[in-house]
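In what follows, a single structure is set out as structure tokens and then discussed.
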Amino acid sequence: MSTTRTPRTSRPATRPKRQAAHRLDLLESMLRVRRFEERCVELYSSARIRGFMHLYIGEEAVAVGVNEALTPDDALVSTYREHGHALARGVPAEAIMTEMFGKVTGCSRGRGGSMHLFDVGRRFYGGNAIVGGGLPLAAGLALADRMTGRNRVTCCFFGDGAFAEGEFHETANLAALWALPLLLICENNMYAMGTALSRHQAQTDLALRAAGYGMVSWAVDGMDVLAVEDAARRAAEGVRAGSGPHFLEMRTYRFRAHSMYDPDRYRDKAEIEHWKERDPVEGLAGRMRAAKELTGKARSALEDRLSAEIDRAVEAAEQAPAESVDDLLTYVTSPVEASRP
């Protein structure tokens, strides 16, 4: 089931009603990510999902807000914490869940799992298990568009830990030097894998550092989906206008540990609870309730619809076939090599 929204064709609404409908769309998208991730925790805990898994709970506003600024022709390059990015891009929950179950009908034929989702039809060029590994790929996609004259944006997500990698600095330098149509989204959740930003970076203002490469950059409240959307739209418009790469430092926070294997002993519990008070999902829902745009009944109906969608995804994943043993070398070796004794 696709999560891509279709344009409304009903009678024209007033501007306030259009804005309210858009906020409801944003809330639905963030809730889809949140509920999907929570179900993944249950499935992982019961060993129905295996391998490494990195959850996006707490950072939903970034994926959803940024994707609002992108078109279907734009490209998106993700990280290993990518479930939210994929869902916000419109990759169906069923294709993602089936992939995480390692089944052949998954978006990467069951070969990638949680960290390697991919959907070429939606120009979602995958997660990457290597920290910062997507940055050079994104630069290549943007360079191809520039050389062929296509007015498209390549959006690349990465974390604050990747900011310390050489790939970021090489990509930022070449992108600015060649004026590539690249939108760099740094999800600064303050801890990378498990080290506080202030313990590995002398200058913790990442937007300020990125500006040193001569690109437009600024910091954004990554817990506010409306602020994220506004910043991403302005940045994407700048990229499309030919003003070169733009950098957005999304100041956000993951509520869960780095991965399901992580005991999360490097953060104070009071700090986590403090950030949960700024929950991006409930923050938007609260604003909508205050503006009388969201009733309890409407919220319950939305929750029921998303629960049913995720139930269908899990059921499809459980029933999907595993890849045949005879096909295990497909896409790994060439036909000639496979036929050699």
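The values are calculated or read from the model by the stated rules, or taken from the named source; none is laboratory data. No experiment lies behind these values; they were computed from the predicted model shown. Cβ sites come from the backbone with ideal geometry, for glycine too, and all protein chains shown count toward neighbours. Remember, those area values only see protein heavy atoms, side chains included, never the ligands or the DNA or RNA. Shrake-Rupley method; radii C 1.70, N 1.55, O 1.52, S 1.80 Å.
Based on what the data block shows, is ALA88 in contact (Cβ under 8 Å) with a residue 40 or more places away in the chain and open to solvent by less than 10 Å² (accessible area, probe 1.4 Å)?
Working: in contact (Cβ under 8 Å) with a residue 40 or more places away in the chain: yes; open to solvent by less than 10 Å² (accessible area, probe 1.4 Å): no.
In short, no.
Residues that are more than 20 Å from the chain's Cα centre (by Cα), at least 3 per element: which helices (runs of 4 or more DSSP H) completely within segment 87-185 meet that? Qualifying helices (runs of 4 or more DSSP H): 134-148, 166-177. Taking the stated definitions as given, is VAL41 closer than 29 Å to ASP145 by Cα, at pLDDT 95 or above and not in a loop (DSSP other than H, G, I, E, B)? No; evaluated as a whole, the condition is false for this residue. Here ILE130 passes the criteria (1) more than 20 Å from ALA172 (Cα to Cα); (2) at pLDDT below 95; (3) hydrophobic (A, V, I, L, M, F, W, C) except the one numbered (1).
Rundown of residues vs (1) among the charged types (D, E, K, R); (2) in contact with a His (Cβ under 7 Å, 6 or more places away or on another chain); (3) open to solvent by 10 Å² or more (accessible area, probe 1.4 Å); (4) in contact (Cβ under 8 Å) with a residue 60 or more places away in the chain, yes/no style:
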{"position": "ARG199", "(1), (2), (3), (4)": "yes, no, yes, no"}
{"position": "ASP205", "(1), (2), (3), (4)": "yes, no, yes, no"}
{"position": "TYR213", "(1), (2), (3), (4)": "no, no, yes, no"}
{"position": "ALA219", "(1), (2), (3), (4)": "no, no, yes, no"}
{"position": "GLU229", "(1), (2), (3), (4)": "yes, no, yes, yes"}
{"position": "VAL239", "(1), (2), (3), (4)": "no, yes, no, yes"}
{"position": "PHE247", "(1), (2), (3), (4)": "no, no, no, yes"}
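When the test is whether a residue is closer than 22 Å to VAL64 by Cβ, open to solvent by 80 Å² or more (accessible area, probe 1.4 Å), assigned to a loop (DSSP other than H, G, I, E, B) and not acidic (Asp, Glu), ARG256 passes it. Being crowded, with 22+ Cβ neighbours inside 10 Å and under 30 Å from ALA316 (Cβ atoms) holds for only one residue in GLY134, GLY113, and it is GLY134.
Residues in segment 272-306 that are surrounded by 12 or more Cβ atoms within 10 Å (Cβ to Cβ) and in a helix (DSSP H, G or I): 19 in all.
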